[in-house]
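Structure, as structure tokens:
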Amino acid sequence: MRSRTAQENAVTTCVGVDIGGTKIAASVVDTEGTILRRTRRETPAADADQIVRAVADMVGELRSEERRVG
């Protein structure tokens, strides 16, 4: 029986972001589609720069949590 490589054992994750009219939701999901972490904020009203900053902050927050967990 062949042993698995470190790459085969590694858990790959990605961040999904949903920007809506009232909220921004972001989640970390694994290769199986399981949501591992999530965060949510109100969408800043009509200011694209604030929306971009909010998304960047949320992704940074999720990445920070990822480093602490795994």
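The values are calculated or read from the model by the stated rules, or taken from the named source; none is laboratory data. Keep in mind that this is a model prediction, so the values were computed, not measured. Here the Cβ is made from the backbone with ideal geometry for all residues, glycine too, and neighbour counts use every protein chain on show. Quick note on the areas: whole protein, heavy atoms, side chains included, nothing else; ligands and nucleic acids left out. Shrake-Rupley method; radii C 1.70, N 1.55, O 1.52, S 1.80 Å.
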Among the residues of segment 18-33, which ones are surrounded by fewer than 16 Cβ atoms within 10 Å (Cβ to Cβ) and in contact with a helix residue (DSSP H, G or I) (Cβ under 7 Å, 6 or more places away or on another chain)?
Ile19
Exactly one condition in (1) open to solvent by 70 Å² or more (accessible area, probe 1.4 Å); (2) at pLDDT 85 or above; (3) small (Gly, Ala, Ser) is false for Ala45; which is it?
(2)
May I ask you to list the residues in segment 26-68 that are β-branched (Val, Ile, Thr) and either under 12 Å from the mean Cα position of the chain (by Cα) or closer than 16 Å to Cys14 by Cα (or both)?
Val28, Val29, Thr31, Thr34, Ile35, Thr39, Val55, Val59
Within segment 54-62, is even one residue open to solvent by 90 Å² or more (accessible area, probe 1.4 Å), in a strand (DSSP E or B) and either modelled with pLDDT of 95 or more or touching a Ser or Thr at 6+ places or on another chain (Cβ under 9 Å) (or both)?
no
Kindly indicate the residue of segment 19-40 that is of a type in the set (S, T, N, Q) and farther than 16 Å from Leu62 by Cα and also modelled with the highest pLDDT among those meeting that condition.
Thr22
Scan segment 29-53 for residues that are out of contact with any Gly (no Cβ under 8 Å at 6 or more places or on another chain), outside any strand (DSSP E or B) and not hydrophobic (A, V, I, L, M, F, W, C) and jot them down.
Thr31, Glu32, Gly33, Thr34, Pro44, Asp47, Asp49, Gln50, Arg53
